[in-house]
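Read the structure below first, then the notes.
The values are calculated or read from the model by the stated rules, or taken from the named source; none is laboratory data. Just so it is clear, the model here is predicted, and its values are computed rather than measured. Glycine also receives a Cβ, built like all others from the backbone with ideal geometry; neighbour counts cover every protein chain displayed. Areas reflect the complete protein model, heavy atoms only, side chains present, ligands, DNA and RNA absent. Shrake-Rupley method; radii C 1.70, N 1.55, O 1.52, S 1.80 Å.
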Amino acid sequence: MTNQETIYKFIESEESDFNSDEVRVYDNKNWNMRNHVQMCLQLKDGFYTQGENNWLRPFKKVIEPLLELANTAEDIEVKDISLFIKGDERKAPKFLIKKYHDEIYIKEHDIDALIDEIAESDNTVGGVLVQRGQDVPEVMKMNKVAFCDQTDIMGGPIGFKYYFSPSKLRKMSEAGWGSEANGANITLEELITLAQPEKEPSGMSGQKKNKTTGKNIEVYIVRGDLPEAYLEDNDNFEDYSYQLQIVAFYKNKKDQRTGVTLYRKEADPEDLLFHTSKPVDGQALGKGADIFFNEQIWTNFLEIHKMKMLEGAAKNIIWTDDDAYTNRNRINDMENNEVTVLAEGKRMGQVPTVQPVSVQLYDKAINDWFQNAQLVGFAQDVQLGRQSYAGQTFKGQERLLQQGRGPHERTKGKRAKFIEKVYRTYIIPEIKREILKGVEFVAKLSFDELQWVTNQLADSYANRMRNENVLNGELPEDRDMLIQKFKQEFGKKGSDRKLEILKGEFKDAEINIEIDVANKQFDMAEMSS
């Protein structure tokens, strides 16, 4: 394979094109994903995308409060996620998996934070990427995307760019990075010795680099259909397979950018999932904070010009038709209540620099733009915690609130379906793997769960005691009395119970867990008590 056909050249070429190329979305609209993400993040955070951010220009935030309202109105909590089973077969393993999820997994892996990150990314930049992690799914930051198909984010190879500290990079040995068996051509320790103490600003390739206090290793994680040549170091560019390539770059002795491979193998296309609640045809990302760009930009324009007017109004300019007055007096040097003399018949006054009505016009225009942003973002005054208009009845206000929630509920429903897919693809299989290793945990049982567990254990206890009676040559005790005795003793221990799943206990069990997020799949007839 020639030097021009390596994975390293492919990454450099794709990243360069990604930073500069635009795709045609409409006849008169071109779009660049990197610029889109940068604008969404900067304007949300209150920073201008052009010119200096030196606090000398007013910036009135429009986007951030409306995005926070959307995040709140569309919030999905872990309590909205229900694992349930269909049918009555093998209830015990399914019950234990559900309790392990509810009591242990969601807390140890902070699933609530994962769900919040999904919503925030979707609402801010118009989409979210979730990859299979070592222990828990991980949301990929959109400003870390180095290149992708800008018309369809999952339509071609996608690369992410990161900087790893030496200690963080060493931890990746647990995932097989730097191992020759996984296609690496350099060890992690060898790469660390070659690293430089600098890194580029996030999402800005080819810009002035930031000096750092320690070494940073430039790493690209690339997923997608790639030629066999990148995987096998041959000249086969005809056959493609879905691959995971992890590549790093360093500067050699001639100060040339040199690429090395840390990991390369065929991978599962479902290792990376994408979702957008508001897709735009022909555009890699859907609608995010960009729906407020007009409102934010024109609000800033009006605020800047209003501030210039107020700066002019702050100047106290004096006029007089006494030509000799300024030769006789220095107003700036005068004391309070000092007497001054005008020539006979002459006048003095203050130059009017601003009219109150002008300021009011600017304020009205600014308020009009914010009201338009509220309309675009389905944000009623009551949802923002603002006083509704005078005379609004309680019922009318409640009706407005319900109407405002409608679009957010629709978006929440779409996102719930994606979270279901994340669960089915990543989380439920991981829970199954965890419990096969054997786990022991304390869980709080609901009344129905406690009743079911009690009945199962009481029945098992009665069977065991009657069998022992027979083996000891005794008459079997009354079954109902044994069950009642067990329930009385067992019920004294309360609802907090220690549960244990033995290693490999459910190895051969068929465990089909269903999931419902925010009542999108809820069917009471099929739910197990």
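Mind checking which residues of segment 461-490 are closer than 23 Å to F441 by Cα and either modelled with pLDDT of 80 or more or surrounded by 13 or more Cβ atoms within 10 Å (Cβ to Cβ) (or both)? Result: Y461, F486, K487, F490. Would you be able to say whether some residue in segment 110-130 is farther than 19 Å from K412 by Cβ and out of contact with any strand residue (DSSP E or B) (no Cβ under 9 Å at 6 or more places or on another chain)? Yes, because at least one residue in segment 110-130 is farther than 19 Å from K412 by Cβ and out of contact with any strand residue (DSSP E or B) (no Cβ under 9 Å at 6 or more places or on another chain). If you go through segment 249-299 and pick out every residue that is part of a helix (DSSP H, G or I) and buried (at least 20 other Cβ atoms within 10 Å of the Cβ), you end up with 6. Filtered by the rule that a residue be assigned to a helix (DSSP H, G or I), open to solvent by 30 Å² or more (accessible area, probe 1.4 Å) and over 26 Å from P269 (Cα atoms), segment 423-454 gives F447, D448, E449, L450, Q451, W452. With the structure loaded, tell me whether R57 is open to solvent by 70 Å² or more (accessible area, probe 1.4 Å) and either in contact with an Asp or Glu (Cβ under 8 Å, 6 or more places away or on another chain) or in a loop (DSSP other than H, G, I, E, B) (or both) or whether it fails that test. Here the answer is yes, as R57 does meet what is asked.
Selection of segment 341-351 for residues being in contact with a Phe, Trp or Tyr (Cβ under 8 Å, 6 or more places away or on another chain), in a loop (DSSP other than H, G, I, E, B) and not charged (D, E, K, R) yields L342, A343, V351. Of the residues that sit in segment 425-460 and are of a type in the set (D, E) and in contact with a helix residue (DSSP H, G or I) (Cβ under 9 Å, 6 or more places away or on another chain), which one is modelled with the lowest pLDDT? Going through the qualifying residues, I end up with E449.
Taking the numbered list (1) open to solvent by 70 Å² or more (accessible area, probe 1.4 Å); (2) of a type in the set (D, E, K, R); (3) in contact with a strand residue (DSSP E or B) (Cβ under 6 Å, 6 or more places away or on another chain) in turn, E420 passes all entries but (1).
Condition check for N35 on (1) more than 30 Å from K421 (Cα to Cα); (2) open to solvent by 60 Å² or more (accessible area, probe 1.4 Å); (3) modelled with pLDDT of 95 or more: one failure, at (1). Picking from M334, M307, which residue would you name as being free of Cβ contacts under 8 Å to residues at least 12 places away in the same chain and surrounded by 11 or more Cβ atoms within 10 Å (Cβ to Cβ)? Being free of Cβ contacts under 8 Å to residues at least 12 places away in the same chain and surrounded by 11 or more Cβ atoms within 10 Å (Cβ to Cβ) holds for just one of M334, M307, which is M334. Being in contact with an Asp or Glu (Cβ under 8 Å, 6 or more places away or on another chain), hydrophobic (A, V, I, L, M, F, W, C), at pLDDT below 75 and open to solvent by 90 Å² or more (accessible area, probe 1.4 Å) is a condition met by at least one residue of segment 516-524. Against the list (1) at pLDDT 90 or above; (2) more than 30 Å from K421 (Cβ to Cβ); (3) surrounded by fewer than 18 Cβ atoms within 10 Å (Cβ to Cβ), the condition N210 fails is (1).
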